[in-house]
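Presented below is the structure to which this report refers.
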Amino acid sequence: MEITRTFDLLDHLVANYPKDDILAGKTNGEWVKYSSHDYYKYAHYLAYGFCEVGLQPGDKVITISPNCPEWNFVDMALAMCGIIHVPVYPTLSTENYRHIFSHSEARAILVSNNVLLKRIRPALDMMEQKPVIYTLANIDGEHRMLEILKAGIAGRDKWMGEIERRKESIKPDDWFTLIYTSGTTGDPKGVMLSHRNVCSNFLAHAQVNPQTSADRILSFLPLNHMYERSMNYHYQYKGISIYYAESLGTIAQNLAEVKACGFCAVPRVLEMFFDKMYAAGKDFTGIRKMIYESAFRHGYRYDYTILKKVSLWYQIKHRFFDKMVYSKWREKFGGNRMVVITGSSSIQPRMIKLFAAAGINIYEGYGLSETSPVIAVNDPAHGNVKIGTVGPILKGVEVKFADDGEILTRGPHVMLGYYKDPEYTAEVIDPDGWFHTGDVGVMSGKYLKITDRKKDIFKLSAGKYVAPQLLENRLRESEYIEQVMVTGAGEKYASAIIIPNFNTLHFWALKYKLHYRDNGQLIAMSEVTAKYKSIIENINKDFAAHEQIKQFRLVTDEWTTANGMLSPTLKLRRAILTKKYAPLIAEIYGHEQAPTNPFLSAFRSVELPNLNLPWSKKNEN
């Protein structure tokens with residue numbers, strides 16, 4: 001059957017993949033599995049229930065929940081009813097929640113538990129017209145989603161015909177979801193997506209994935225983000241079982257329990273895996289240490305696109321390292337070779353190669369919420385991959401470049417527009433239908449390469465431009481650097497604020513017998529400064545003179561979504577970071593104010609009376 005609306009997936013699953021564990025989540029330490037038929041029934045009963053409680057086509061309903069099977073039941077039910085689903089991050093600020101609740105004019109909010117209910121309560125208290133709250137958990141004094149389900153079961157005969165009529169009337173180009181972009185500055189903007197936007201996109205990128213209905217994947221990125229949500233539709237289309245992780249802290253454990261064959265990630269998650277694998281070899285000695293370190297060096301040079309063409313000796317070496325090291329890594333994650341989809345920001349090339357050497361193939365792609373979301377993606381399974389790019393343009397997607405290098409895209413994946421903001425919609429979608437992404441890139445043969453965010457590129461005082469992401473990505477390739485922000489707009493040169501990888505730095509300090517009380521004292525040591533200076537000087541060789549980092553400062557802070565330094569998609573919030581480190585940046589560029597003369601300050605603080613001197617009136621005239 002043709003899939004043109006998201007809820008068409010329900011019939012597709014029942015007809016083609018009637019399996020027992022299409023969706024699964026953990027409850028009280030046990031995996032609770034739902035069959036394709038369970039999924040179909042729960043979604044329809046909830047749809048009847050939404051009708052019973054008075055929700056109408058075109059109404060907005062917000063969901064705030066961690067990933068779980070029930071999220072999908074609600075998503076499909078709302079789509080069948082013609083109700084606009086507004087999934088929202090569980091980690092926003094009160095002001096962002098207040099803006100989204102008011103701006104969307106939501107009639108109801110479905111929230112999973114008491115912790116999240118308490119988090120959104122201050123925003124609700126600011127509103128005169130409050131949406132109705134329903135909770136998944138049993139919370140005293142609150143309506144429960146179970147009430148909606150029960151109402152749907154009881155009203156099945158009453159509403160079944162109505163839901164079928166609504167499904168029949170819903171067209172592919174109808175608006176079906178409202179996605180509030182996380183953004184790095186300002187209020188979140190509401191992206192309106194149609195069924196055609198989303199279906200055309202996931203059907204296209206599903207063709208890239210070699211996985212089959214025999215496979216299981218683990219889902220842990222937020223389903224309210226279009227990236228993970230689109231991949232969930234993609235998996236359902238292919239009949240792949242989706243298991244939802246308990247939390248970010250249990251990913252490795254859950255991968256092993258499920259014996260998963262893949263997952264979606266952002267580079268930061270893969271960097272954390274890499275750090276743990278690297279740290280695991282620090283305590284090894286002798287031949288074991290030598291083999292472990294050699295496996296890393298081999299992995300950094302690995303290129304799975306030419307493996308069949310390399311020498312027999314290379315292949316023997318690879319099999320040896322796989323048996324001794326790489327297979328042990330896979331055992332930690334359940335034992336299977338994996339397909340890992342990654343996006344949101346670029347991933348280090350050496351990391352892609354190392355994971356590929358270990359049988360964990362990285363599918364790096366690119367897109368935005370406004371493009372449903374995928375524009376391009378690498379395809380290792382079919383040999384369409386080039387490390388350092390985001391892959392070939394997706395089927396059905398058009399791409400061209402503006403004069404300044406900005407990536408423009410057109411096709412069925414481009415959003416309907418921004419909700420209640422026709423002016424900004426007209427700014428980003430031109431009269432010919434080209435969406436202006438705000439990203440800068442080039443084509444490398446048939447592969448798209450992202451060079452930076454247009455708004456992040458800055459100009460030095462000499463008029464030369466610097467693309468900070470290129471520098472940051474290269475710097476993060478060092479095992480000694482955890483996070484970095486490059487700055488220097490309007491200055492003579494670029495500089496960097498660096499958070500060291502303290503695990504690696506501690507081992508290095510131990511080797512050189514450095515004594516320190518804490519991390520603050522460690523980064524202040526001249527030996528450490530010299531170490532980072534040598535790392536940066538080595539990296540600078542790959543860049544033009546005006547792009548090179550001339551100054552840097554080490555800091556001991558953490559940049560997280562919780563403290564607002566990173567966006568929910570783990571991008572640097574540059575404006576916030578720049579404000580936080582303003583004194584440090586001023587010190588780098590010598591902008592500190594001169595020491596204040598106490599006498600002069602006191603003199604200037606005296607308020608002088610109007611003396612009505614002759615020249616006063618002359619000046620006034």
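Remind me, relative contact order of the chain in percent, using alpha carbon pairs under 8 angstrom and six or more residues apart?
Working: 1073 pairs, mean separation 63.1, N = 621.
Here the relative contact order equals 10 percent.
Any lysines with Cα under 28 Å of the Lys26 Cα? List them, leaving off those in the same chain fewer than 8 positions away.
Within reach: Lys41, Lys118, Lys150, Lys238, Lys259, Lys276, Lys328, Lys332.
If you take the charge dipole of region 458-588 about its Cα centre, with +1 on Lys and Arg Cβ and -1 on Asp and Glu Cβ, which of Asn473, Asn501, Thr487 is farthest toward its positive end?
Looking along the dipole axis, the top candidate is Thr487.
Calculate the dipole size of region 458-588 relative to its Cα centre from +1 charges on Lys and Arg beta carbons and -1 charges on Asp and Glu beta carbons; express the result in debye to the nearest 20. Walk me through the intermediate numbers first.
Working: 18 positive and 13 negative charges, 49 e Å.
Magnitude of the dipole: close to 240 debye.
Hey, got the dipole for the chain? About the Cα centre, +1 on K and R Cβ, -1 on D and E Cβ, debye to the nearest 20? Walk me through the numbers on the way to the answer.
Values: 75 positive and 67 negative charges, 425 e Å.
Dipole about the Cα centre, nearest 20: 2040 debye.
List the residues, sorted by chain then number, that are 5 or more residues from Thr451 or on another chain and whose placed amide H is less than 5 Å from its amide H.
The answer is Val440, Gly441, Val442.
Report ³J(HN,Hα) in whole Hz for each residue of region 574-582, in order, from the Karplus equation J = 6.51 cos²θ - 1.76 cosθ + 1.60 where θ = phi - 60°; Gly and Pro get x.
Per-residue couplings from phi come out as 4, 4, 5, 5, 5, 5, 4, 9, 3 Hz.
Which of the listed residues, Thr181, Ser344, Thr63, is farthest toward the dipole's positive end in the chain, when Lys, Arg count +1 and Asp, Glu count -1 at the beta-carbon?
Ser344
Among Ala357, Asn16, Ser461, whose Cα sits farthest toward the positive end of the charge dipole of the chain (+1 at Cβ of Lys/Arg, -1 at Cβ of Asp/Glu, about the Cα centre)?
Ala357
What net charge do the residues around Gln469 carry, taking every other residue with its C-beta under 9 Å from that of Gln469, with Lys and Arg at +1 and Asp and Glu at -1? Mind dumping the intermediate values first?
Values: positive: Arg453; negative: Asp452, Asp456, Glu472.
So the surrounding residues net to -2.
How large is the direction-averaged shadow of the alpha-carbon convex hull of the chain, in nm²? It would help to have the intermediate numbers written out before the result.
Values: hull surface 150.8 nm².
Value for the chain: 37.7 nm².
Where does the Debye-calculated log10 I(q)/I(0) of region 8-244 sit at q = 0.10, 0.14 Å⁻¹, using only Cα point scatterers of equal weight, no solvent?
Debye intensities relative to I(0), on a log10 scale: -0.45, -0.92.
Every number here is computed from the coordinates shown, using simple stated rules; none is lab data. As the structure is a prediction and not an experimental result, all values here were calculated from the model. All Cβ positions, even for glycine, are placed from backbone atoms using ideal geometry, and neighbour counts span all protein chains on display.
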